[in-house]
Every structure is written in structure tokens, then in C-alpha cells.
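A short worksheet on the structure shown next.
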Amino acid sequence: MVDAEVVQLQFAFLSGEIPTAESGREVSRGRSTAGASAGRAEHEWRGEPLRSSQTSMKPNGGDGMRSPQDKPEPRNGLLERILSRGNMQKAWKRVKANKGAPGIDEMTVEEFPEFARKGWETIRTSLMKGTYQPRPVRRVEIPKASGGTRPLGIPTVTDRVIQQAISQVLGGMFEPAFSENSYGFRPGRSAHQAVNAVRRADMEGYSVAVDADLSKFFDTVNHDKLMSLLGRRVRDKRVLRLIARYLHAGFSKDGVVGATVEGVPQGGPLSPLLANIVLDELDKELERRGHRFARYADDFIILVKSVTAGRRVFAGIRKYIERKLHLRINESKSKVAPVRECDFLGFRISGRKIRWSPDVGREFKRRIKELTSRSWGISMEERIRKLSEYMRGWMNYFGISEYYRPIPDLEVWIRRRIRLCFWKMWKKTRRRRTELIKLGTHPMDAILTARSRQGYWHLSRSLATQTGMTNSWLSSLGLPSIKEQWIAIHYPHQRKATS
């Protein structure tokens, strides 16, 4: 079961607010155009200026000038594939697209090319020799909607690039064997597909859910178990040692460095793949037992036909998770109940229709209030830009909800919040009157409203403010319409909605 803030991350992935590792693009492989593109990518990775003669040159290092000792052997060349020039360029492009905050070395994504130009060969050599030591991740606490915080580990940009390179190669090795019921952090799969899989099972009579919550999964992954699973397919010991070093790199919080003896820090490009490798064991066990289920990262739900069967399944799968995977079940957040009473990835199946969960609706309104706070001292242009980003991202994820009824009311409420912000910003009676008249409000209405001593919230719904700050005017400023977004998702051939 996923908390509301994790769901926010998921829809942000889809919207681009928080891009995923899949957001990069491959370099095209045509003739003249592709060659120029590849040359630009290569020199951007090295932080070098592009010169006309350089597109045909091979810089020192990388696999373009591979030395005899670097030549990969049939069972022992995985590290060379990871550190190959093409794979590293692809990894850098994805890290660059994802942006993200600096790690403990304070190096930004923008500063990395210059650093790589000067120091990458030294790093590559240490990686090949097995002497490279990853830096501890910078730990930050993300507030949870339910209270408390969730730890997030931010690796340095250098480590993010290396982790991304490892993930790209290992992902191709493990991906074909993953379960069809696994939807998280996999190419061509999404949370929406997982939710629809639950609905299909419900429609086929599997109307009871075993909603099992893994307690602090990313913080409690057993390293020995994970390395054992990796060793089944990864034969290159150097790669296994490098991954082990990332697992034990530690964390830094408020200047204090701590050790990590278990867990996979959330925030690194490698973490989702490692999580899927561990939980693929659970997928295979559920398939062996013949269960209907859907899993997205550490959030999974099993569908059965009766509460009695659900209780039996929950007892059996809890033993397997604790004894075989060395993970823990959160009893307080786990339950066996009808599907309509269970939340999965922020959604609830009600009457065989998909709706966002009540907690998600409350979190959306809380965040909108935060973005439209009267005391937030930023320009209206910046406020509307941030609000627009959040609303578009939210609708990209939660817009598949088939429950239309709350949409118009939310739309009206959001616009009223923006009118309130303008009214507060204008402050003086004379400016309020002038601005309203300028926007087309009748002069007498503008004068009476500007002089009114009633509160901001009341006046934000007055005739004068609504005839001046019209829906179309707010739209021209960049404020999106969640009503139009919802209609575009569900009725793509009817994109125009009446205001």
C-alpha cells in the first residue's frame, strides 16, 4: 500500500516534474545526421567543445581505444559493456534529463561535463581496477501526508551516471524473466496498467483483496539475499563488488556520515531495478500458487474470491515474505477486504470504475492551498507556473479516474483561490478599482467591491471579481483547466469543453 506522497512521485514521473530514468532519448543511427549527433553527444559527455575534425576522432579511454587487458571475455566482460562509451553517453543523457539535486559533493548536473572532461579517465581506471569507492548518499526527509517523513537518498551526479549505466545493462539481462504481473519501473509498463489489471480481476469475480503492506521495504532489503539473486545471472565479479559497494556506501545527514547494513536507498537510478530483482521472487511464488495479483514496486495486491480465502492467502504469503525474503509485513496497514474498500496506487475500484482515493483528493486540495497561499511572497507569474506544473502532473496520473462529479467543483474552487491571490496582491482600493475596470468590470461594481470591507475569500466570488478576472483571462495567464484535461483523457475526440 503506497502513501500519498509516493503516489505524488508516481504521477510526477509521468508528467515530467520528476522525470524517470526512462526519459532520455537514444542517439539516432542514420548516416550523416546520426554521425553528427553522436559526435555532439560524445563531446558533451566529455565536456569538450565540438570541432569539425573531432567527429571522426576517438578520444583516449572508453571502448573506442580499448587496451588488450580491457578486452571482454565471454563470461567476464560485463563491466566493459557497462563502461562502454555508448552506454555511458546514454546514461549521462538520462541523468541530465532527470536533473535532480546535487549529492554531498555539491556538484550540479550542469557542472558535471567539465568535471568529466578532466577526471573521467581516472574514475574509469579505478572502476576497471575495482578500487572505485562510491560517495555516501545525501539523505533528506520527504514529508508524508499521513505525518512523519520518508528518507530519500541522493547520490552524487557521478554515482548517478554510473548507477544508470549499470541499470541499463543489467536491466536488459533481468527484464525478460520478470513477471507479467509486475508493472513498476519497467519499459512499456505503468501504474495505470496495474490498476486496470485489478479492475479486470474484480470484474471476473475476484472481488476480495489481500492488501499487504511491506514495512519500510527500501530500508530493509537484505543485502545477502539481494547479492545472491544478482549472482544467479551476473557472472562478472567486478560488477557484483561494485554494486555491493553502492549498497554499503552509507549516507550523510547534517554533516554526519552513517553506515548502511541493509536496504536500498530510494533516489538512485539503480534502486528500482534492485527492488524488482528482490520482489521477482515474490512474483514467482504467487504465480506458482496460482494467484491473481498486480505489483508496482513494493506495492502489491492479491485478488481472491472470498474473505476466507483471502485470510488463508495472507497468512501463507506473510510467512514466505518474512522467512524467505527477510522482509516484514506492516500489520496495521495490511488487510483483507472487498476491493472497493482498498486503495491501490492512489486509486480505488468502486462499482467497477476507477476513482482516485479519498486521501488523494485531500492531499490535492492541501497542495493547491499551499501553492495559492496569500502569504507566499512570489510573483503571480511564478505562482501560476508552479500551480500549472502541479495540476498538469496530477491530472496526467489521476485523470484516468472515471468519477467526473468532483471535477467542476474543484475547477471553480481553484479559480477562486487564484482570484483571492490577485485581490490580496493589489492591496490598495485605488489599484483594485483600476485593475477591475481595466479587465472589463462595470465601473460602479468595481468601485463598490474595491471599497468593500468584506474578507478576501468572500470578495473572490463577487460579481466584480468574476466579471473582471474571467475564466478566459485566467487561462490566458497559463492556468490550466482540469475539466478540459479530464475530457481530453476520456473523450479524446471532444477536446473542447464548455467553461
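Kindly write out, for region 89-104 in residue order, the coupling ³J(HN,Hα) from the Karplus curve 6.51 cos²θ - 1.76 cosθ + 1.60 (θ = phi - 60°), rounded to whole Hz, with x marking Gly and Pro.
Residue by residue, region 89-104 yields 4, 5, 4, 4, 4, 6, 5, 4, 5, 6, 6, x, 7, x, x, 5 Hz.
Using the crude model of +1 on Lys and Arg Cβ and -1 on Asp and Glu Cβ, and no other charge, please compute the dipole size for region 106-146 relative to its Cα centre, in debye to 20.
I would put it at about 240 debye.
With every protein chain kept in the model, how would you rank 241, 348 by accessible area, 1.4 Å probe, largest at the top?
Descending accessible area places them as 241, 348.
Would you list 203, 128 from the most to the least accessible area, probe 1.4 Å?
Ranked list, largest accessible area first: 203, 128.
Counting only heavy atoms of protein chains, what accessible area per residue, in Å², does region 387-499 have with a probe of 1.4 Å?
Value returned for region 387-499: 56 Å² of accessible area per residue.
Pulled fully out, how much extra length does the chain show between residue 240 and residue 473, if you take 0.36 nm times their separation in residues and subtract their Cα-Cα distance?
78.1 nm
Give me the one-decimal nm value for the distance between modelled label points at residue 204 and residue 379, 7 Å along each residue's Cα-to-Cβ direction.
5.5
Inverting the mean 1/r over all pairs of different Cα atoms, compute the Kirkwood radius of region 256-356 and quote it in Å.
Evaluated on region 256-356, it is 15.5 Å.
Starting at the first residue of region 185-198, write each ³J(HN,Hα) from the Karplus equation 6.51 cos²θ - 1.76 cosθ + 1.60 with θ = phi - 60°, in whole Hz, x for Gly and Pro.
For region 185-198, the Karplus-derived couplings read 6, 10, x, x, 10, 8, 5, 4, 5, 5, 5, 5, 5, 5 Hz, x marking Gly and Pro.
Could you tell me the accessible area of residue 107 in Å² (1.4 Å probe, neighbours in place), rounded to the nearest ten?
Accessible surface of residue 107 is approximately 30 Å².
Over all pairs of distinct alpha carbons, what does the Kirkwood formula give as the hydrodynamic radius of region 173-271, in Å?
16.5
What is the distance in Å between the Cα centres of region 284-329 and region 232-264?
29
Over region 178-322, what percent of the accessible surface lies on carbon and sulfur atoms, probe 1.4 Å?
Carbon with sulfur: 47 percent of the solvent-accessible area.
With label points built 7 Å along Cα→Cβ from the Cα atoms of residue 366 and residue 128, find their separation and express it in nm.
Spacing of the two 7 Å Cα→Cβ label points: 5.2 nm.
Using θ = phi - 60° and the Karplus form 6.51 cos²θ - 1.76 cosθ + 1.60, what ³J(HN,Hα) does each residue of region 327-335 get, whole Hz, x for Gly and Pro?
Along region 327-335, the couplings run 10, 10, 9, 7, 4, 5, 9, 9, 6 Hz.
The values are calculated or read from the model by the stated rules, or taken from the named source; none is laboratory data. Nothing here was measured: the structure is a model prediction, and the numbers come from that model. All Cβ positions, glycine included, derive from the backbone under ideal geometry; neighbour counts span all protein chains shown. To get the accessible areas, we keep the full protein, side chains included, count just its heavy atoms, and leave off ligands, DNA and RNA. Shrake-Rupley method; radii C 1.70, N 1.55, O 1.52, S 1.80 Å.
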